[in-house]
Amino acid sequence: MAETVDDKLSYFQAVTGISDTDLCTEILAAHNWDLQLAVSSITANPSSPSASASTSSRADPAPSAPLAADAEFVAPPPPMPMPLPPQQQQQPGIAWRLVTLPFYVVSGGVGLVAGTFRLGAWVAGGVLSRSLSLLGLAGQAGSGDRLLELPPSSAEAADFVAEFEREFGAGRGPRFVAQGFADALQRAQREFKLLFVYLHSPDHLDTPAFCGGCLCSEPVAAFIDENFVAWGGSIRRTEGFKMSNSLNASRFPFCAVVMASTNQRIMLLQQVEGPKSPEEMITILQRVVEECATSLVAARIEAEERLNNQRLREEQDAAYGAALEVDQARERERIEELERREREAAEAERKRKEEEEALARAAQEAAEKEAALARRRQEKAMALGAEPEKGPSVTRVLIRFPTGERKERRFHSSTTVTSLYDYVDSLDCLKAEKYSLVSNFPRVTYGPEKHSLTLEEAGLHPQASLFIEIEQ
């Protein structure tokens, strides 16, 4: 019992920074030696729900708790001193009242004044920035050069890493991640490792020797880096202090090994309290790793199976997509071929109709031409009149056609050469429209310049033999 009380007294002094042993004893006794309530009364508002929630969680521990900074773990709380009977409980003294009452009053007043100044500075900064942007004086490259603000938990973790390296040397000790506790726990789960937690108490006397002699020793640091994801936090900061309460840290230096559980809960596997040698630390951590190796391997295998199944589904989906694309391409080709054939059929039908129409027009034109020729022959025959009888004034004319056919007729010698052309046109023996009548001996062409001559004047009387010469 005495050792437990002394440990709580040392922890309370390390957390609150109060060096007066009697005053610390008086504060702890006023809270029935409940370390968490005593610390909360100094660092936070006692009326806040966190204090009551913390008390209830100590009274009813659960095997696992939600993934949060103030969550509980699978570990029984350390033995607590029995509360004194009501008649023996020590009442808070005047020193306790002088310490606690001004603390809340002053902290509240300072917070109100600081908040007012921050609000005023924010408003003034916004107005100034807006004014400069309207005037065109604001920088153009500001948005790309701004630094992203880290979350509070990550910022605290980064500060702890920087302080640890500054105090014990860069590159020494475990490689603590500059992330919040929840992010570090998720990282350990993704890497199938356990999470090594170190809570740093700067004011504890054993802290420098433990960090320099144990944590920073090369075997310990190498073992932790190989088998764990290391996270550290100072109990002077918010997340470190909350984790010290959640892990029920009663002695320092304090280390713990935790892992993620189901339903976003975490499980406490091992607590390492007080100074330890490198050999002792490695032995403890080695045992934890061996005990959890089976579950970690099972988790890794399960994750690999999920990944393989996902990859298999993706490959199947890709193969199905490729086959579907091939089918769609074939369907497109079939439709294009069908459309091409339809176009060709339509084009052939159009050409057939055009040819039929052209033939019909040609036949009609030929018929019209034949009808015109027939009318012309009839008109020419009527213009010739009756064939005269033989006589001294009658000229006999023999005409040979290109087909070898011969036609003979008598004309009055006073008839013009045009009558000979009318006679040829009246016969159905010549299809050409342009031709000339020619005599052989002597060769004379009776062209248009001789059409007005009479047969006697043209030298065709009393008889003549002519042949037809078609003009090209």
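The values are calculated or read from the model by the stated rules, or taken from the named source; none is laboratory data. Just so we're clear, the structure is a prediction, and the values are computed from it rather than from any experiment. No Cβ is skipped: glycine too gets one built from the backbone with ideal geometry, and neighbour counts run over all protein chains shown. Heads up: the accessible areas ignore ligands, DNA and RNA and are worked out on the full protein's heavy atoms, side chains in. Shrake-Rupley method; radii C 1.70, N 1.55, O 1.52, S 1.80 Å.
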Selection status of Ala299, in contact (Cβ under 8 Å) with a residue 60 or more places away in the chain, assigned by the TED database to the domain that holds Leu195 and in a helix (DSSP H, G or I): yes
Residues that are farther than 23 Å from Glu433 by Cβ, open to solvent by 20 Å² or more (accessible area, probe 1.4 Å) and either touching a residue at least 40 places away in the same chain (Cβ under 8 Å) or outside the structural domain of Glu457 (by the TED database) (or both), drawn from the stretch 395-411: Arg396
Residue that is most open to solvent (accessible area, probe 1.4 Å), among those in the stretch 229-266 that are farther than 20 Å from Leu215 by Cβ and in a strand (DSSP E or B): Arg265
Close pairs from the stretch 147-165: first assigned by the TED database to the domain that holds Arg175, partner surrounded by 20 or more Cβ atoms within 10 Å (Cβ to Cβ) and at pLDDT below 85, Cβ under 6 Å, at least 6 apart: none
Residue match in the stretch 281-303 (condition: modelled with pLDDT under 95, farther than 30 Å from Leu199 by Cβ, open to solvent by 90 Å² or more (accessible area, probe 1.4 Å) and not aliphatic (A, V, I, L, M)): yes
Residue match in the stretch 346-368 (condition: closer than 30 Å to Thr416 by Cα and surrounded by 10 or more Cβ atoms within 10 Å (Cβ to Cβ)): no
Test: Ser131 is part of a helix (DSSP H, G or I), modelled with pLDDT under 60 and open to solvent by less than 60 Å² (accessible area, probe 1.4 Å): yes
Those residues of the stretch 168-198 which are assigned to a loop (DSSP other than H, G, I, E, B), under 21 Å from Gln270 (Cβ atoms) and open to solvent by less than 20 Å² (accessible area, probe 1.4 Å), in sequence order: Gly173, Pro174, Val177
Filter pass, Val229 being in contact with a strand residue (DSSP E or B) (Cβ under 9 Å, 6 or more places away or on another chain), modelled with pLDDT of 95 or more and among the aliphatic types (A, V, I, L, M): yes
